[in-house]
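> Can you keep this structure in mind? I'll have questions shortly.
The values are calculated or read from the model by the stated rules, or taken from the named source; none is laboratory data. Quantities reported herein were computed from a predicted structural model and do not represent experimental measurements. Neighbour counts are summed over all protein chains in view; Cβ atoms, including those assigned to glycine, are modelled from backbone coordinates with ideal geometry.
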Amino acid sequence: MRKLIIGDLDKFTLEVNQMKEKEDTYLIRSLNDVDHLVLSHDDQVFFPMSKLPQVKSVDDPYVYFDLESYPFFQKAKEIITSDPHPQGVFRLRRKTRSTTTNDPIIVDDLFVVSSMFGSPKMVYVKRTAKDQSPLHIIVTVTFNCGTMAHLDYTFMDEEVIELEWSGNKKIIEFTSMEADPFATKKDHTLIYSIDSVLDHSHPVNDSLLKRLDDIRNLVTRGDQR
Amino acid sequence: MKIGIMSFAHMHAYSYSDCIMKLPNVELIGVFDDDQKRGNEVAEQYHIPFYPDQAAFLSEEMDAVIICSENIHHKEMVINAAKAKKHILCEKPIATSVEDAQEMIDICKENDVILQIAFPVRFSSPIRKLKELIDNGELGEIVAFRTTNRGQNPGGWFIDEKLSGGGAVLDHTVHMVDIMRWYVGKEVTEVYAIVDSFFHDIPIDDAGLVTLEFENGVIASHDASWSRFSEYPTWGDVTIEVVGTKQTIKVDALKEHVRLFSSEGKTLSHEFFGNDMDLGLIQDFIACVEQGREPSITGFDGLKAMQVALAAYKSSRLNEKVMIERVE
C-alpha cells in the first residue's frame, strides 16, 4: 500500500529517526506532478487542508493541518493535555504568507486547538480595515472547558508562529524563530516531519466536514458580533 | 524638594522610596499609613517620622506626596492631599470608578496641584525607543497591537475586591492600555473581554484576555494575568508588539537580562540589567513639580486606562462587546 503525501516539498524534513517505512511513502507536489501516476484502491492520499476541495478526486482521502503537523505543536499538546481538564490562557500568533481569503487558516487552527480544549463555545473576531496592509485579525475564543484563547494573525511576507500556554503551574512558551537550531535567516522550525503528517492526518468524512463547518460558522458569527 | 508617602500598602511604595533616597536635593520627609505596624516599620527602615494621623501628616511642610494605598483609598487621599495643596503622584489604577477618578481630577485642578498617575512602563528605555520610532514614522501607520502584562498573584488586599476594585485584569490592563494610547494618540472605543480565575484559589479574577478597538480602527489583543508562579524565572512580563504598515516591532521591557542557572532554589532566574523605570517615573514627577508643568501622565490618562479595564469586566459579565463612553 502506497502513501502519497501531497504538499510543499520545502516544508518537509526527513528525520534521522523516521519510523515510517520509506519505500512506500511518496512526497509529491500534486497528483498531476507525477507522470503516469495511476492510483490504486489501496493507495492512501494525504492532502494539506488547503487542497481540501481536490480530495473528491480520490477514494478515502486524508487531510493534514499545518499547525497539527509541526512537532512543536505536538509537544505542547502533550504537555497541555497531560492535565485531563486543562484550564488557562492559550495564545497563538501567526505571521503568515497565507493569501487565500484568510479565514481558512483561522478555521484550521481552531480545529487543531480544539483537539486540546474541546469545542469552542464563543468566538469573537476583530479585523483591521480591508484596504489596510498588512491585514491583522484577532480571534478571541472561549472553550466549553473554560479555557480562553487569543489567536492573532498578520498576513505578511513572513512565516512565524508563537505559542503560549499559561496553565495551572505550567507555562509553555514557543517562538519559531527562537527554536530554530540553525542561526541563519532561513527558518528551519516551521517544517513538517513525514511521521507527524502520517500520524496526525484525518480521514475526510462527514464528521470532519461537519466539525469544520461548525467552526467556520462560529468564526462567521464571531465576525458579526 | 520635600516628599511624603501616603501608605505603603502597595509594594511600589518601597521602590519609589528607594528612588527618592538616591536623588540629590529630594528629601523623604515622612510617611502616613493607616496600618500602624507597617507605618512604624517603614519609618524605621527609611529613618523618617511616621504619622498615624492623615491630617497631621498633610499639615507638614512638603511639596508633594506619593500615594500608594489600597486602590479604594486613592480617592480620599488624593482629595485630602489636593486640599492641602500638595502635588500628587498616585499609584495606578487612579481609582475604581470613572466618577471617582473624575472627581479626583476636578479637585486637583480646583486646588491647582499636579496629579500624575504612576505608569512607570512609560519610562522603560525600550518602550521609549519604540515610541520614538513610531513618532519618526519608521513603522508607518499603526495597524494593531499585541500586548501582555503578566505577573504573580500579589495576595493581600489585591485579592479583596472591596479594597482593590478588581483583580489581575484591573491590575495588569491599565499599564498597557496607557502605552497603547500613548503610542497611537487615540482613545479606545470598544472592548471585548473574557475574565476568569484559573491559577489560584482566590475570590477574584486572575486571568483575562482583552480585545480592543481604537477610534481610528487600530485593534489590539492584551493578556493580563497573575499566571506567573514563584518558580518562573522572573516576576512577570511587559511586552508590546506594534504592527505597522511599514514594519512590525516587538518590545519586551524586561528582555535585558542575564540568565542565571543555580542549583539552589530556582534553577533559572532572569537577572535584569535594564534601566530602572521606577526611577525614571520619580525623576519625571519631581521635574514636573519643580518646573510647574503639566504632568507627562495626567489624571485623565489614568482615568482612560482604568475605564478600559472596567469595561473589560463589564464585557465579560455581559458576554458582549462594550462601547467606551467619551469623557471630556
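> Return the residues of the stretch A:67-81 that are in contact (Cβ under 8 Å) with a residue 60 or more places away in the chain and in a helix (DSSP H, G or I); say none if nothing qualifies. Give the steps one after another, and end with the answer.
Taking the stretch A:67-81 first, the residues in contact (Cβ under 8 Å) with a residue 60 or more places away in the chain are A:67-74, A:76, A:79-80.
Selection gives A:LEU67, A:GLU68, A:SER69, A:PRO71, A:PHE72, A:PHE73, A:GLN74, A:ALA76, A:ILE79, A:ILE80.
> Something else now. Quick one: which residue in B:SER97, B:SER69 is buried (at least 24 other Cβ atoms within 10 Å of the Cβ), hydroxyl-bearing (Ser, Thr, Tyr) and touching a helix residue (DSSP H, G or I) at 6+ places or on another chain (Cβ under 8 Å)? Spell out the reasoning first.
Values: B:SER97 fails: buried (at least 24 other Cβ atoms within 10 Å of the Cβ).
Of the residues listed, the single one that is buried (at least 24 other Cβ atoms within 10 Å of the Cβ), hydroxyl-bearing (Ser, Thr, Tyr) and touching a helix residue (DSSP H, G or I) at 6+ places or on another chain (Cβ under 8 Å) is B:SER69.
> While we're on this one: Exactly one condition in (1) assigned to a loop (DSSP other than H, G, I, E, B); (2) within 16 Å of B:ARG128 (Cβ to Cβ) is false for B:ARG326; which is it?
Here B:ARG326 clears every test but (2).
> Further question on the same structure: Name the one entry in A:LYS77, A:LYS126, A:LYS51 that is basic (Lys, Arg), within 18 Å of the chain's Cα centre (by Cα) and at pLDDT 95 or above. First the steps, then the outcome.
Details: A:LYS126 fails: within 18 Å of the chain's Cα centre (by Cα); A:LYS51 fails: at pLDDT 95 or above.
Just a single option satisfies the conditions, and that option is A:LYS77.
> All but one of (1) in the same structural domain as B:ALA253 (by TED's automatic domain parsing); (2) surrounded by fewer than 21 Cβ atoms within 10 Å (Cβ to Cβ); (3) not aromatic (Phe, Trp, Tyr) hold for B:GLN102; state the number of the condition that does not hold.
(1)
> Using beta carbons and a limit of 6 Å, which pairs, at least six apart or on different chains, have the first residue in the stretch A:40-55 and closer than 18 Å to A:LEU212 by Cβ and the second one buried (at least 17 other Cβ atoms within 10 Å of the Cβ) and among the charged types (D, E, K, R)?
From residues that are closer than 18 Å to A:LEU212 by Cβ, the pairs are A:MET49/A:ASP108.
> Just give me the residues in the stretch B:123-168 being within 14 Å of chain A (Cβ to nearest Cβ), part of a loop (DSSP other than H, G, I, E, B) and closer than 22 Å to B:GLN247 by Cα, in sequence order.
B:LEU139, B:GLY140, B:GLU141, listed by residue number.
> A further question on this structure: Read through the list (1) under 22 Å from B:GLY217 (Cα atoms); (2) at pLDDT 95 or above; (3) surrounded by fewer than 18 Cβ atoms within 10 Å (Cβ to Cβ), then give the number of the only condition that B:ALA311 fails.
(3)
> Kindly establish whether B:ARG293 is within 14 Å of another protein chain (Cβ to nearest Cβ) and surrounded by fewer than 18 Cβ atoms within 10 Å (Cβ to Cβ). Steps first, please.
Values: within 14 Å of another protein chain (Cβ to nearest Cβ): no; surrounded by fewer than 18 Cβ atoms within 10 Å (Cβ to Cβ): yes.
No, not satisfied.
> Could you please find all residues in the stretch B:191-238 being more than 26 Å from A:MET122 (Cβ to Cβ) and of a type in the set (Val, Ile, Thr)? Give the derivation first.
In the first step, residues of the stretch B:191-238 are kept if they are more than 26 Å from A:MET122 (Cβ to Cβ); the result is B:216, B:228-238.
Once the filter is applied, which keeps residues that are more than 26 Å from A:MET122 (Cβ to Cβ) and of a type in the set (Val, Ile, Thr), the stretch B:191-238 yields B:THR234, B:VAL238.
> Out of everything in the stretch B:205-224 that is touching a Phe, Trp or Tyr at 6+ places or on another chain (Cβ under 7 Å) and within 7 Å of chain A (Cβ to nearest Cβ), what residue ends up being nearest to B:LEU268 (Cα to Cα)?
Ranking the qualifying residues of the stretch B:205-224, first place goes to B:ALA207.
> Quick one: is B:GLU213 part of a strand (DSSP E or B) and without any contact (Cβ under 8 Å) to a residue 60 or more places away in the chain?
yes
> Does B:ASP171 satisfy the criteria of being acidic (Asp, Glu), away from every other protein chain (no Cβ under 11 Å), buried (at least 24 other Cβ atoms within 10 Å of the Cβ) and under 21 Å from the mean Cα position of the chain (by Cα)? Working first, answer last.
Numbers: acidic (Asp, Glu): yes; away from every other protein chain (no Cβ under 11 Å): yes; buried (at least 24 other Cβ atoms within 10 Å of the Cβ): yes; under 21 Å from the mean Cα position of the chain (by Cα): yes.
Yes; evaluated as a whole, the condition is true for this residue.
> Another question, then. Find the residue count for the stretch B:314-328, including only residues that are of a type outside the set (Lys, Arg), within 14 Å of chain A (Cβ to nearest Cβ) and surrounded by fewer than 21 Cβ atoms within 10 Å (Cβ to Cβ).
Selection size over the stretch B:314-328: 5.
> Mind checking which helices (runs of 4 or more DSSP H) fall wholly inside the stretch A:113-225 and carry at least 3 residues that are buried (at least 16 other Cβ atoms within 10 Å of the Cβ)?
Result: A:194-200, A:206-224.
> B:GLY4 is checked against (1) touching a strand residue (DSSP E or B) at 6+ places or on another chain (Cβ under 8 Å); (2) without any contact (Cβ under 8 Å) to a residue 12 or more places away in the chain; (3) not in a helix (DSSP H, G or I) and fails just one. What number does that condition carry?
Here B:GLY4 meets the rest and fails (2).
> List the strands (runs of 3 or more DSSP E) inside the stretch B:48-122, counting only whole elements, that have at least 1 residues being within 18 Å of B:ALA305 (Cα to Cα), in contact with a Lys or Arg (Cβ under 9 Å, 6 or more places away or on another chain) and not basic (Lys, Arg).
Because the criterion is at least 1 residues that are within 18 Å of B:ALA305 (Cα to Cα), in contact with a Lys or Arg (Cβ under 9 Å, 6 or more places away or on another chain) and not basic (Lys, Arg), the strands (runs of 3 or more DSSP E) in the stretch B:48-122 that meet it are B:115-118.
> Out of B:ASP171, B:ASP223, B:ASP178, B:ASP205, report the one residue that is part of a loop (DSSP other than H, G, I, E, B), closer than 26 Å to B:CYS90 by Cα and modelled with pLDDT of 95 or more. Lay out the reasoning, then the answer.
Working: B:ASP171 fails: part of a loop (DSSP other than H, G, I, E, B); B:ASP223 fails: part of a loop (DSSP other than H, G, I, E, B); B:ASP178 fails: part of a loop (DSSP other than H, G, I, E, B).
Residue meeting the stated conditions: B:ASP205.
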